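Here is the structure we will look at.
The values are calculated or read from the model by the stated rules, or taken from the named source; none is laboratory data. This structure is a prediction, so every number in the text was calculated from the model and none was measured. With ideal geometry, Cβ positions are generated from the backbone for all residues, glycine too; neighbour counts draw on all protein chains shown. Heads up: the accessible areas ignore ligands, DNA and RNA and are worked out on the full protein's heavy atoms, side chains in. Shrake-Rupley method; radii C 1.70, N 1.55, O 1.52, S 1.80 Å.
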Amino acid sequence: MGKADARIPELDGLRGIAILLVLGWHFTGMLMDPSDGAVQEIIWRFGIFGQSGVDLFFVLSGFLIVGIVVDNRTSPTLFRTFYARRALRILPPYLLLVFSFAIASAIFGRTYYLGRDLPLWSLLTFSQNWVMSYIRDFGPAGISATWSLTIEEQFYLVAPAIIIFLPRRFLWPALIAVGLTSIAARSICFALYPENVYAPYVLTPLRLDGLSAGGLIAIAYRSPKWSTIESRKSLLLTAMIVLLAVAPFYTWFLHSEIAHQVLYHFGHSYLTVLYGLALLNILTRSGTVATSWLRSPAMIGVGAISYSLYLFHTPFKGIFFIAAGHPESFRSWTDGLLLFLALLSTFAFCAALYWIIERPAQKLGKSFSYATTKSPCHRARQKQERPFELSQQTVDSPHQ
């Protein structure tokens with residue numbers, strides 16, 4: 001047991017920030033018509049930064065998952081416990097979405113939100129991102145957001161084995177190599193196949209830089225040299241502010257003729273560094289007044305249901321627009337009311353889903369224990385040294 005067992009409330013809040021970024025784009029920015037006036041154009045042009053919430057999820061997942069495996073790598077029950085907890089955390093809401101989507105598609109046929117473009121077998125094997133790349137489309141809107149989940153699931157499948165069998169001294173260079181290779185491969189892929197703009201966005205080998213960066217931070221957090229990093233708080237904050245200042249320019253180019261060049265040659269790398277610095281700033285200031293807003297009940301609550309919010313927000317938006325007979329847009333007060341009701345319903349549904357299904361499943365997951373061979377004296381001393389209260393809530397929460 002180690003730092004992965006220590007609850008860091010700010011990370012729940014940071015997960016809330018990530019999903020709010022995504023919701024902000026999907027419920028406002030992407031629905032605006034820039035030809036309808038300056039306000040709509042500004043929201044449309046700069047709201048696209050909300051897409052980067054997924055990049056933040058990747059960094060967070062890399063930090064949490066690598067941390068769990070590193071802390072429990074000597075446990076004889078590592079694989080059984082890790083995958084049992086992952087399955088109980090991820091599968092219940094996901095399978096509810098997938099089977100509901102499949103049934104609705106069978107009943108109503110192909111629409112903007114429904115259809116069989118993504119075969120059921122791909123959804124059940126978490127391989128739909130490869131199908132998306134092949135068909136060069138995200139598929140029906142009701143299920144399209146699951147592409148990022150597949151990247152994480154594929155990462156979860158291989159990362160524990162690599163971390164276990166790779167000598168610890170090689171973890172740093174291995175993660176750096178994976179991250180840099182992914183950045184280079186993404187850029188090369190787009191340069192060679194510019195007509196396929198989906199491949200560098202959804203394919204797992206081309207999106208591992210955020211997960212690798214999170215993993216590097218997890219190792220640094222457990223390193224004796226962490227105190228050196230903490231002593232550089234001012235430098236970390238300055239670097240993050242400088243990168244944030246670049247955000248408006250980066251976002252502007254995402255609605256230009258060179259949008260894909262910016263995104264794949266520079267954009268995701270930029271976001272990985274930005275959100276890696278954000279995570280470092282939060283970890284070095286955890287428990288202080290500066291991060292108290294991330295520990296607020298509201299932010300922690302949003303973070304707790306962020307996974308189901310990510311899965312179900314698009315289907316709920318579709319339900320309301322279909323029922324009203326309106327195309328999905330934000331051009332009138334009626335559209336605004338539909339979006340508000342859809343958002344409110346999504347939060348209500350996901351909160352209920354959390355208490356009825358997700359939370360009981362997570363509690364069941366805690367019955368699987370990372371047994372260790374450490375002595376009672378060692379465990380007692382380690383517990384005294386931990387700076388936070390013990391809880392599995394943060395550990396068992398994936399990036400969604």
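For the residues Leu244, Leu216, Leu236, the requirement of being under 24 Å from Thr181 (Cβ atoms), assigned to a helix (DSSP H, G or I) and of a type outside the set (Phe, Trp, Tyr) singles out Leu216.
Say we look at the stretch 134-153 and pick out the residues that are part of a helix (DSSP H, G or I) and either open to solvent by 70 Å² or more (accessible area, probe 1.4 Å) or among the polar types (S, T, N, Q) (or both); which of these is nearest to Phe57 (Cα to Cα)? Checked the stretch 134-153; the qualifying residue nearest to Phe57 (Cα to Cα) is Ser148. In the stretch 309-330, the qualifying residues are those that are without any contact (Cβ under 8 Å) to a residue 24 or more places away in the chain and either open to solvent by less than 50 Å² (accessible area, probe 1.4 Å) or touching a Gly at 6+ places or on another chain (Cβ under 8 Å) (or both), and the one that is nearest to Leu21 (Cα to Cα) is Phe321. When restricted to residues that are hydroxyl-bearing (Ser, Thr, Tyr), assigned to a helix (DSSP H, G or I) and over 26 Å from the mean Cα position of the chain (by Cα), the stretch 323-374 contains 1. Answer yes if at least one residue in the stretch 111-129 is of a type in the set (Gly, Ala, Ser) and not in a helix (DSSP H, G or I), and no otherwise. Checked against the condition, which is being of a type in the set (Gly, Ala, Ser) and not in a helix (DSSP H, G or I), the stretch 111-129 yields at least one hit. Residues in the stretch 154-200 that are touching a residue at least 24 places away in the same chain (Cβ under 8 Å) and aromatic (Phe, Trp, Tyr) were compared, and the one that is surrounded by the fewest Cβ atoms within 10 Å (Cβ to Cβ) is Trp172. The residue list Ser256, Ser223, Ser212 contains one member that is at pLDDT below 95, closer than 30 Å to Asn72 by Cβ and not acidic (Asp, Glu), which is Ser223. Counting residues in the stretch 47-55 that are open to solvent by 10 Å² or more (accessible area, probe 1.4 Å) and among the polar types (S, T, N, Q) gives one or more. Just one of the listed residues (Leu166, Leu157, Leu216) is more than 30 Å from Thr314 (Cα to Cα) and within 20 Å of the chain's Cα centre (by Cα), namely Leu216.
The number of residues in the stretch 81-92 being within 13 Å of Thr146 (Cα to Cα) and open to solvent by 30 Å² or more (accessible area, probe 1.4 Å) comes to 1. The residues of the stretch 104-117 that are open to solvent by less than 20 Å² (accessible area, probe 1.4 Å) and either touching a Ser or Thr at 6+ places or on another chain (Cβ under 6 Å) or closer than 8 Å to Pro140 by Cα (or both) amount to a single one, Gly115. In the stretch 281-293, what residues are in a helix (DSSP H, G or I), open to solvent by 30 Å² or more (accessible area, probe 1.4 Å) and either under 19 Å from Glu358 (Cα atoms) or not hydrophobic (A, V, I, L, M, F, W, C) (or both)? Of everything in the stretch 281-293, just one residue is in a helix (DSSP H, G or I), open to solvent by 30 Å² or more (accessible area, probe 1.4 Å) and either under 19 Å from Glu358 (Cα atoms) or not hydrophobic (A, V, I, L, M, F, W, C) (or both), namely Ser292.
Please specify each residue of the stretch 247-272 satisfying the condition of being part of a loop (DSSP other than H, G, I, E, B) and surrounded by fewer than 18 Cβ atoms within 10 Å (Cβ to Cβ). Across the stretch 247-272, the qualifying residues are His255, Ser256, Glu257, Ile258. For Tyr275, the conditions (1) over 16 Å from the mean Cα position of the chain (by Cα); (2) of a type in the set (Ser, Thr, Tyr); (3) part of a helix (DSSP H, G or I) are fulfilled apart from (1). Restricting the stretch 93-103 to residues that are over 17 Å from Ile322 (Cα atoms) and surrounded by 13 or more Cβ atoms within 10 Å (Cβ to Cβ), the residue that is farthest from the chain's Cα centre (by Cα) is Ala102. Being crowded, with 21+ Cβ neighbours inside 10 Å and out of contact with any helix residue (DSSP H, G or I) (no Cβ under 7 Å at 6 or more places or on another chain) holds for only one residue in Ile8, Ile65, Ile19, Ile42, and it is Ile8. Every residue in the stretch 29-42 that is more than 23 Å from the chain's Cα centre (by Cα) and on the phi < 0 side of the Ramachandran plot, please. Once the filter is applied, which keeps residues that are more than 23 Å from the chain's Cα centre (by Cα) and on the phi < 0 side of the Ramachandran plot, the stretch 29-42 yields Met32, Asp33, Pro34, Ser35, Asp36, Ala38, Val39, Gln40, Glu41, Ile42. Within the stretch 268-284, not a single residue is among the polar types (S, T, N, Q) and without any contact (Cβ under 8 Å) to a residue 40 or more places away in the chain. Given the residues Ile48, Ile19, which is the only one that is within 15 Å of the chain's Cα centre (by Cα) and modelled with pLDDT of 95 or more? Being within 15 Å of the chain's Cα centre (by Cα) and modelled with pLDDT of 95 or more holds for just one of Ile48, Ile19, which is Ile19.
For the structure I just gave you, tell me whether Ser296 is open to solvent by 20 Å² or more (accessible area, probe 1.4 Å), in contact with a Phe, Trp or Tyr (Cβ under 9 Å, 6 or more places away or on another chain) and modelled with pLDDT of 95 or more. No, not satisfied.
All conditions in (1) crowded, with 18+ Cβ neighbours inside 10 Å; (2) in a helix (DSSP H, G or I) hold for Ser75, with the sole exception of (2).
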